[in-house]
Structure formats: structure tokens, C-alpha cells
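Everything on this sheet refers to the single structure shown next.
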Amino acid sequence: MANNHLLVVSRSAVIFLLFWSGCLTVIESFTLTRSAHKSRATAGLWLDNYPTKSLFSTPLFVHRKYLDDLDEQANRSLQFHMMNLLKVDEDAKRQSEKLNALSSIIQSCNSALEDMDEAESVRSMDSEPINLPEDLSAIRCFINTSSRSKDHRNCFRIFNGDDKVSLTPNVLLSMNSPFTFLRDSLSYQSDDSEKKRGGMMYDGSEALVWCSLPSDQDFKFCSSVMDDMPFSQLCLGADHDDDYLDVELDVVSINKLAQQNVLCNEQVSNEDGRTRRQCKIKTEDLNVIQTIVSGEALEDEKQTLIKLIDAAVELVRADPLNESNEPHLVLLAHCVSCSVVASAISSWKEQQLQNQQSPQRVEDLLHQALTVVTFGNSCRSFCDGPAYIHISMFDDPWTNTLGAHSGNEDDSGGGQNAVYFHAYSPYDEEDTNEAQKATSLRSLKSHNAHNLNSCLIQYLCLIMRINGIQSFRALYDSARFVDPTAILDINPKHFAVNYSNHGELVIPPRIDHELLPAMIYATGGGQWLWDNDDESHTDFDEVLPDEIEARSHLEESFGYSVFEEIQENAAVKKSSKASEMLLES
């Protein structure tokens with residue numbers, strides 16, 4: 001009896017120990033799973049989804065595998081194939097499915113950003129007041145000084161140091177002379193440009209509006225390259241502090257994009273029954289997607305552009321000879337921002353045609369009122385009417401494949417009577433292997449021929465400086481000019497010096513092989529190169545000239561001391577950029 005009693009007690013103790021061991025395992029699993037859920041922001045993964053079979057048979061290695069799955073899902077970063085993302089599918093059904101999937105991503109990202117904004121601090125009313133120029137003090141009550149980036153969306157930036165300050169378009173357009181105010185008060189002007197009241201390439205006859213994504217370009221640097229030309233900025237979309245955004249996306253939308261090769265990732269499995277997954281999206285890619293579905297994501301920005309065009313056209317109607325001396329409206333855009341501008345112009349034109357106006361009259365008004373300048377555009381939907389100037393490089397893969405350029409067959413999509421300026425960039429990256437080319441398709445910054453600050457703006461500067469042009473409208477008119485008396489009896493290719501004339505403009509031979517690299521070096525454009533530290537790309541010290549060579553090329557064309565003059569204009573921005581690089585390192 002004693003032995004039997006001892007056996008029963010021993011069995012009870014073993015069962016008791018096994019019971020508590022199983023409880024502790026489940027409690028540990030639940031705690032770690034819930035902790036992993038909070039740290040990885042993985043929705044819908046709780047204890048009821050934990051892969052256990054029974055209370056006593058939960059092996060620890062299953063829990064580790066489960067955490068590995070959590071890591072993979074939480075860290076899933078969507079890699080977009082930019083060429084397929086921007087390309088318009090010839091199949092209308094597939095294109096519609098792609099746009100619907102992208103719209104679903106935008107909606108999810110907007111919801112995630114709203115949740116983040118709730119926790120973001122806003123500049124209080126008791127904080128130190130913002131220093132404003134004297135000409136803006138009278139409208140201080142209308143100026144937006146919020147610290148949240150989304151509050152400055154669809155607003156005109158006020159260049160006031162590093163502070164986030166902007167003016168809503170409704171305030172600007174309610175003024176008697178909105179374009180004069182835009183030119184004099186809302187454009188970036190250095191101390192030098194204020195003293196000069198213009199410059200070698202600017203005569204004050206135009207109001208220049210950059211329509212750009214946040215952090216897309218550095219307008220202070222562009223202004224210095226263009227001899228302190230004053231630029232204003234209309235913010236398309238909102239700026240983001242982080243490089244990635246954690247967001248919960250629909251599995252169906254992800255798989256639909258993966259099927260169309262828009263995503264470089266494989267399709268997402270939903271075997272566990274969950275219809276949404278946690279993913280990471282580059283904020284840079286999010287800005288691109290917004291321009292593709294601009295009808296929804298950037299509708300407010302489009303309406304602002306339409307109102308600007310309305311004001312410019314009304315000015316032409318009321319004062320055809322411009323006796324009021326109001327500045328001419330010029331819209332500038334780079335890369336994917338061009339599609340937003342093109343969409344706004346098309347929408348304005350459709351509205352006017354619905355009002356029973358003749359197409360010819362509408363296009364004539366647009367041509368007189370609006371000039372559009374694009375840099376490395378990725379759009380072929382520019383409607384007829386405005387005076388278009390398209391600037392791009394022959395070796396730019398994005399414009400050559402997706403954009404409007406002179407090499408397009410038949411209808412180039414750049415608008416009627418558009419002017420094209422092309423050259424070859426000094427960045428030869430054709431020797432990259434297939435793996436590097438595949439990787440480069442994931443970013444619009446894969447080739448420096450598409451770089452505004454290190455190639456395109458310098459090429460525009462050379463054309464205007466060589467020909468003594470002081471406005472973009474004068475550049476367009478000169479390029480379109482045809483001299484009816486110029487009848488040659490000898491083919492120009494037989495001339496000893498074969499200058500490539502573009503209308504009245506003179507484009508020197510080898511401008512892209514000598515003058516363009518020299519101008520990039522002199523303006524400090526090499527500091528804005530993309531992938532400067534990537535060994536898979538070209539060594540840019542080899543493609544850009546040294547100081548002696550750059551000086552010789554520029555002084556041969558523009559005279560002595562021009563090299564120092566160009567460097568002096570860009571010196572402020574170069575020093576600040578160098579300081580930023582030192583701080584990052």
C-alpha cells in the first residue's frame with residue numbers, strides 16, 4: 001500500500017509539473033508574441049493565430065519560426081520596378097487594374113500618415129514668432145507656420161531659412177496683381193539678385209513657378225547656377241521626415257501589382273486567411289505613385305494650377321498688350337512632376353471647350369498666357385496650346401522611354417510647336433552589367449543624365465548664356481524663329497565651322513563634350529551627383545574635368561574671369577552642401 005501511495009503521489013507530482021511547464025511555455029509564447037506584435041507593428045497576429053496544437057505539445061522551435069515569419073512580414077519592403085510603374089499599359093483593362101491597386105496603396109498610406117500626424121507636435125501659438133520680410137508682414141495672419149509637412153501641401157513656399165512657412169494659393173490669387181507678388185515676394189532671391197534686380201539671364205518679365213515634389217530639387221542652387229534667377233515653388237504633395245513608411249496594405253492589390261511586374265517582390269501568400277499585410281514603402285516611391293494617380297491624390301494641386309492658368313489667361317484677355325506690365329506665367333517641372341502639370345493644363349482646356357469656345361481660340365489664349373519648361377520629363381500627354389520647352393539628355397533612359405522628346409515617331413506628345421533641347425551627358429554608364437541595370441530600374445536616380453542639379457540646369461544655363469537670352473519666352477521665340485530671307489545655296493554641313501542652329505539660337509559644336517562638363521564642375525554640380533559612393537557606377541572624377549581644363553573651356557567661350565564669376569555665384573550653396581555632408585558623415 002505504501003508503495004502504491006508513493007507511486008500515485010509521484011504521478012501526481014509529474015502531472016503537476018508538466019501542467020505548470022505547459023502553462024509557462026504558453027505564457028512565454030503569448031508574451032513574446034504580443035511583444036513582437038507591438039515592436040513590429042504587425043496587425044492581426046494574436047495568440048489565437050499562434051501555431052499550437054495542444055497545451056502540452058508547443059515546441060519552442062515553432063515559436064522561433066513564428067517570430068521569423070513576423071520579421072519577414074514586418075520588414076517586407078516593396079521594391080517598385082519604376083519603368084513598369086510609370087509606363088502606360090496598352091491594355092486598358094490592365095492599366096485600370098494597376099491604377100486601382102495604386103489608389104488602394106495611396107489610401108492606406110494616407111490613413112497611416114493621418115495616424116502619425118495625430119501624435120506629431122504642432123508649433124504652438126506661444127512659440128517664438130517667425131521672422132518675415134517686410135512685404136509679407138501685412139499678410140502675416142494668412143501665412144501658414146505649421147510644423148506639420150502636410151499642412152504646407154498645395155501651398156507656395158516662403159523661403160525663410162529652415163522654417164516651414166507657406167502661403168495658401170487662395171490668398172495669392174485674390175490679389176490685384178498676383179504674378180507681381182509671386183515674383184517679388186514669394187520667389188527665392190539671394191542678396192545678390194535683390195541688388196541686381198535681374199541678371200544676365202533674367203529681366204524680371206516672368207513669374208517662375210517650380211511645380212515640384214518636396215525635396216525634389218534645391219532651388220537655391222538652381223537659382224545660383226542661373227545667375228540668381230528668382231524661383232517660386234508650389235509644393236506638390238507633402239514632405240516626409242522618414243525614408244520609409246510602415247503601412248498595412250491589401251494583399252490583393254500587392255499581388256495584382258506583382259502580376260504586372262510593377263513590383264520586384266514575389267506575390268504575398270494569404271494562406272492564413274489574412275487579407276492585409278504590414279509592409280514598408282519608400283516615401284520617395286510614394287511621391288511618384290501620387291503623380292500617377294494625380295486625379296485623386298493631387299487633385300487640390302491640380303485645381304491650384306488651373307486657377308493660375310485662369311488668372312494668366314484672364315490677364316491676356318483683359319490686357320492683350322500687357323500695358324500693366326504684369327509678369328508672364330512660366331511653369332517649370334522635373335521628371336514625374338511634369339505629368340501633374342500636363343494633367344492640369346488638359347483639364348483646363350477641357351473646361352473651356354465645354355463652355356462652347358472654339359479649340360483654336362483656347363489654344364491661342366494658352367499660347368499667349370503660358371510657357372511650360374520641363375526637365376527630363378516622363379510624360380507624353382502634353383496638350384496643344386502652351387509654349388513648351390523640353391530639355392533632356394540623349395542618354396536619359398527615363399525620358400527616352402517614357403517622355404516627350406524630338407526622337408519620338410510621328411506625334412511626340414510634347415505639344416504642338418514644342419521646342420526640344422538635347423545633348424549627351426558626361427556620365428557614361430552603358431558598361432554596367434545586367435544585374436546593375438535591373439537594380440537601377442528601381443529608382444529614378446539611377447542615371448545622372450536625369451539629374452537636374454548636376455546636368456540639366458547647367459545645360460539650360462549654357463544655352464541662355466551663349467545666346468544672351470533673358471527670359472524663357474524669349475528662348476522659345478528665338479528657337480521657333482524662321483528667317484524667310486535665309487536661302488542658302490550651299491548645304492551647311494560643308495561649312496568650315498558647322499554651328500548647329502536652333503532657329504535664331506546658336507548651339508556650339510561639342511557643347512556637351514566640353515562646355516557642359518566644365519559648367520558642372522564650375523557650379524559645383526558634382527556634389528549633387530547620385531550614387532557618388534557606389535562602386536558599380538562610373539568614377540565621376542574621370543568624366544568631369546579638373547579646374548584647369550574647366551577654366552580653359554569656359555574662358556575660351558565667355559571671356560576671362562568667367563570661371564571665378566560662376567564659382568562665386570554658387571559658392572554659398574556649395575559651402576552649405578559641404579557642411580551638410582560633413583554633418584551626415
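The values are calculated or read from the model by the stated rules, or taken from the named source; none is laboratory data. Here the structure is a predicted model, which is why all the values come from computation and not from measurement. FYI the Cβ positions are ideal-geometry reconstructions off the backbone, even for glycines, and counts take in every protein chain you see. SASA here: full protein model, heavy atoms, side chains in, ligands and nucleic acids out. Shrake-Rupley method; radii C 1.70, N 1.55, O 1.52, S 1.80 Å.
Things to note:
- Any hit, the range 341-351, residues being touching a residue at least 60 places away in the same chain (Cβ under 8 Å) and either farther than 20 Å from Ile292 by Cα or surrounded by 14 or more Cβ atoms within 10 Å (Cβ to Cβ) (or both): yes
- Qualifying residues in the range 453-482 (those that are in a loop (DSSP other than H, G, I, E, B) and open to solvent by 70 Å² or more (accessible area, probe 1.4 Å)) - the one modelled with the highest pLDDT: Gln470
- Residue match in the range 428-449 (condition: open to solvent by less than 10 Å² (accessible area, probe 1.4 Å), closer than 26 Å to Leu554 by Cα and either touching a strand residue (DSSP E or B) at 6+ places or on another chain (Cβ under 8 Å) or at pLDDT below 70 (or both)): yes
- For the criterion of being β-branched (Val, Ile, Thr) and at pLDDT 90 or above, Thr145 fails.
- Hits in the range 356-384 (condition: on the phi > 0 side of the Ramachandran plot and open to solvent by less than 10 Å² (accessible area, probe 1.4 Å)): Gly376
- Condition met for Ser205 (among the small types (Gly, Ala, Ser), modelled with pLDDT of 85 or more, open to solvent by 10 Å² or more (accessible area, probe 1.4 Å) and touching a Leu at 6+ places or on another chain (Cβ under 8 Å)): no
- Filter pass, Asp192 being modelled with pLDDT under 80, touching a Cys at 6+ places or on another chain (Cβ under 8 Å) and either crowded, with 21+ Cβ neighbours inside 10 Å or not in a loop (DSSP other than H, G, I, E, B) (or both): no
- Residues of the range 137-181 satisfying the condition of being surrounded by 12 or more Cβ atoms within 10 Å (Cβ to Cβ) and among the basic types (Lys, Arg): Arg148, Lys150, Arg153, Arg157, Lys164
- When the residues of the range 345-386 are filtered to those that are among the aliphatic types (A, V, I, L, M) and over 28 Å from the mean Cα position of the chain (by Cα), the one that is farthest from Cys222 (Cα to Cα) is Leu353.
- Selected residue (criterion: modelled with the highest pLDDT) from residues of the range 483-514 that are open to solvent by 40 Å² or more (accessible area, probe 1.4 Å) and of a type in the set (A, V, I, L, M, F, W, C): Val506
- Within the range 251-284, the set of residues being outside any loop (DSSP other than H, G, I, E, B) and either in contact with an Asp or Glu (Cβ under 8 Å, 6 or more places away or on another chain) or at pLDDT below 85 (or both) comprises Lys256, Ala258, Arg276, Arg277, Gln278, Cys279, Lys280, Lys282, Thr283, Glu284.
- Residue identified as out of contact with any Gly (no Cβ under 7 Å at 6 or more places or on another chain), at pLDDT 75 or above, open to solvent by 80 Å² or more (accessible area, probe 1.4 Å) and more than 25 Å from Lys256 (Cβ to Cβ) among Glu118, Glu128, Glu134: Glu134
- Evaluation of Asp319 against (1) open to solvent by 50 Å² or more (accessible area, probe 1.4 Å); (2) among the charged types (D, E, K, R); (3) farther than 22 Å from His390 by Cα; (4) without any contact (Cβ under 8 Å) to a residue 40 or more places away in the chain (one fails), failing number: (1)
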